[in-house]
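One structure is given here, and the rest of the page talks about it.
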Amino acid sequence: MMMESMKIPKVAVNAFVVHKGQVLLCLRHSAPPAWTVPGGHMHSGETLEDATRREVKEETGVEVDDLRVIAVCNDVNTTDNTHYVNFFLLCQYCAGTVVNGEPEDLDRIEWYPIQNLPRPLFINIRRLLAKISLNELIALREPLVCDL
């Protein structure tokens, strides 16, 4: 049941940027700090691809192509009264040097082997990967639709 203070769900994009068997991850200044993929809120009028490209570029300095939705997840968190609809996209790195474009929010940004992700993972990534491995997610022909 949705709590009154949650109001309208927010829409967010989350980019699994891959290159040569690795995925680009960001260490956020959350409490506690946790690794996540580049991403953020969509702006009014943006497409999923435009929002994803913008967020990846703003946070990491890199450009991506071959974007594909791999999961759409309803994420209600009663602990902090948030409700998100998260779009997870698989993206191929295509250009740019990794730089921390948001040092006020991110400690660092690094490439990690898809088979050996660091811990702890941010809650939405952790919940998603508890349902399906990243390799299985990447291999899906149709997006996974689920509740986190």
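The values are calculated or read from the model by the stated rules, or taken from the named source; none is laboratory data. Remember, it's a predicted structure, so these values are computed and weren't measured experimentally. Cβ coordinates were reconstructed from backbone atoms using ideal geometry, including for glycine residues, and neighbour counts include every protein chain displayed.
For every residue, the table says whether it meets (1) under 12 Å from the mean Cα position of the chain (by Cα); (2) surrounded by fewer than 16 Cβ atoms within 10 Å (Cβ to Cβ); (3) of a type in the set (Ser, Thr, Tyr).
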residue	(1), (2), (3)
55	yes, no, no
58	no, yes, no
73	yes, no, no
81	no, yes, no
109	no, no, no
116	no, yes, no
146	no, yes, no
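Assess whether residue 50 counts as being under 16 Å from residue 148 (Cα atoms), of a type in the set (Asp, Glu) and either surrounded by fewer than 22 Cβ atoms within 10 Å (Cβ to Cβ) or in contact (Cβ under 8 Å) with a residue 12 or more places away in the chain (or both). Give the steps one after another, and end with the answer.
Working: under 16 Å from residue 148 (Cα atoms): no; of a type in the set (Asp, Glu): yes; either surrounded by fewer than 22 Cβ atoms within 10 Å (Cβ to Cβ) or in contact (Cβ under 8 Å) with a residue 12 or more places away in the chain (or both): yes.
No, not satisfied.
Being under 16 Å from residue 31 (Cβ atoms) and part of a helix (DSSP H, G or I) is the filter here; which residues of the stretch 112-138 pass it?
123, 124, 126, listed by residue number.
Specify which of the listed residues (71, 51) is closer than 21 Å to residue 109 by Cα and either modelled with pLDDT of 95 or more or touching a Lys or Arg at 6+ places or on another chain (Cβ under 7 Å) (or both). Working first, answer last.
On the way: 71 fails: closer than 21 Å to residue 109 by Cα.
Answer to the selection: 51.
Can you tell me which condition residue 141 does not meet? The list is (1) at pLDDT below 95; (2) under 25 Å from residue 20 (Cβ atoms); (3) assigned to a strand (DSSP E or B), and all the others hold.
Here residue 141 clears every test but (3).
Residue 134 fails exactly one of the following numbered conditions: (1) crowded, with 18+ Cβ neighbours inside 10 Å; (2) out of contact with any strand residue (DSSP E or B) (no Cβ under 6 Å at 6 or more places or on another chain); (3) free of Cβ contacts under 8 Å to residues at least 60 places away in the same chain. What is the number of that condition?
(3)
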